[in-house]
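Structure first, then comments.
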Amino acid sequence: MNIYFRLTNSGGGANVLVAGIAAALAQAGHTARIDYLPRAVDMLPPAGAFFPDRQDGADIVHGDTFTGYYPSRKPFVFTFHHVVHDAALKYRSTAQLLYHVLLKRWEQRALRNAAAVVCPSEYTRRELERVFGFTTARLIYNGVDTDFFKPAPAAREKYALDPDTTVLLFTGNLIRRKGADLLPEIMRALGPGYLLLLTCGMRGTKPLPIENCLSLGSVAAAHMPEIYNLCDMLLFPTRLEGFGLSVAEAMACAKPAVSTACSSLPELITNTENGFLCARDSVGDYVEKIQWLRAHPAERAQMAAAARQRIVERFSLQRMTDGYLALYSELVGRRSL
């Protein structure tokens, strides 16, 4: 089978996932090609027509909102990564609200052009139905390569980390949707004995005002398992996720996550079993759970083991790839009738 991926270079989880699917497809003997469009296409989808489009020879075109702006010559699989049209999210600026009005129109257009729509979580599927009235989306959970993201000895000496310090990790774009604005207050409340490691994506790279923090900048995907294994736990005070890839990767490395009881996170984290789900925007709740994990190392180790088991059993790369392969085969078979 020949799969052509065409999507914008967002610098986020969607790009990481496509690279993983493409590699798994190639390993299984299929052909997978990827074209990344400039991020400017996010602001002006019609501009996508001026960039390479190599769908000739492909059986399936797989992309996002912006590559779905124009009808595809081949069956188009649209992965709807997350729905941002939630009135409860008060943090958005006026510019973001205006952009989301346009985005909603582009999403509607891509939904019309899609042969199949996939959501990476039940939450996203419910939101798609609530906002767009779209009821036929498939659920294929995002997956993690658990042979790549796995527990390993921490290289703390390499980063000159105090062995007695509790190391937290935040990884992702430093934007308000992911709760990056809460990190300074959380770290101030925790005080001495805690250190926050930061990695960032392509957006929100402005330094945060945190004293007990070590910023590692943008880290290549090949080095992320080492970074996850440096920490004692993941701190991820997000306000909205379509899936939560960084949480899944940390859990695969046997790191409990302290995150938010919102959107898709309860599908990954079973509260008190393999991590903690906190009230959205509650600095005190995040702080309390982090302090509890530090004070209870035996229970933290049990949570860590349960976290990895959860990802291996439910959210592996192979499981995701199998799901997409079944969908591709169905669409190709339908087209040949």
By residue number, the members of the stretch 264-287 that are assigned to a helix (DSSP H, G or I) and in contact with an Asp or Glu (Cβ under 7 Å, 6 or more places away or on another chain) are L265, E267, V283
How many residues are in the same structural domain as L168 (by TED's automatic domain parsing) and more than 21 Å from the chain's Cα centre (by Cα) if we restrict to the stretch 289-331?
16
Can you report the number of residues in the stretch 243-277 which are in contact with a Pro (Cβ under 7 Å, 6 or more places away or on another chain) and either β-branched (V, I, T) or surrounded by fewer than 24 Cβ atoms within 10 Å (Cβ to Cβ) (or both)?
4
Name every residue in the stretch 50-67 that is outside any strand (DSSP E or B) and either without any contact (Cβ under 8 Å) to a residue 40 or more places away in the chain or more than 13 Å from A14 (Cβ to Cβ) (or both), in order of residue number.
F50, F51, P52, D53, R54, Q55, D56, G57, A58, D59
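Residue by residue, here is whether (1) assigned by TED's automatic domain parsing to the domain that holds V247; (2) at pLDDT below 95; (3) over 21 Å from the mean Cα position of the chain (by Cα) holds:
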| position | (1), (2), (3) |
| --- | --- |
| P120 | no, no, no |
| R138 | no, no, no |
| P151 | no, no, no |
| P163 | yes, yes, yes |
| I186 | yes, no, yes |
| L196 | yes, no, no |
| P207 | yes, yes, yes |
| E211 | yes, yes, yes |
On the basis of being aliphatic (A, V, I, L, M), under 17 Å from the mean Cα position of the chain (by Cα) and closer than 23 Å to V83 by Cα, does A261 make the cut?
yes
Go over the candidates A298, A304 one by one and state the one that is modelled with pLDDT of 95 or more and under 18 Å from N229 (Cβ atoms).
A304
Of the residues L161, L182, which single one is of a type outside the set (K, R) and touching a strand residue (DSSP E or B) at 6+ places or on another chain (Cβ under 9 Å)?
L161
Restricted to the stretch 257-272 and to residues being out of contact with any strand residue (DSSP E or B) (no Cβ under 7 Å at 6 or more places or on another chain) and among the small types (G, A, S), the residue nearest to G179 (Cα to Cα) is S263
Considering only residues that are within 13 Å of G143 (Cα to Cα) and crowded, with 16+ Cβ neighbours inside 10 Å, which ones fall in the stretch 16-35?
V16, L17, V18, G20, I21, A22, A24
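The values are calculated or read from the model by the stated rules, or taken from the named source; none is laboratory data. All of these numbers come straight from a predicted model, not from anything done at the bench. Neighbour counts are summed over all protein chains in view; Cβ atoms, including those assigned to glycine, are modelled from backbone coordinates with ideal geometry.
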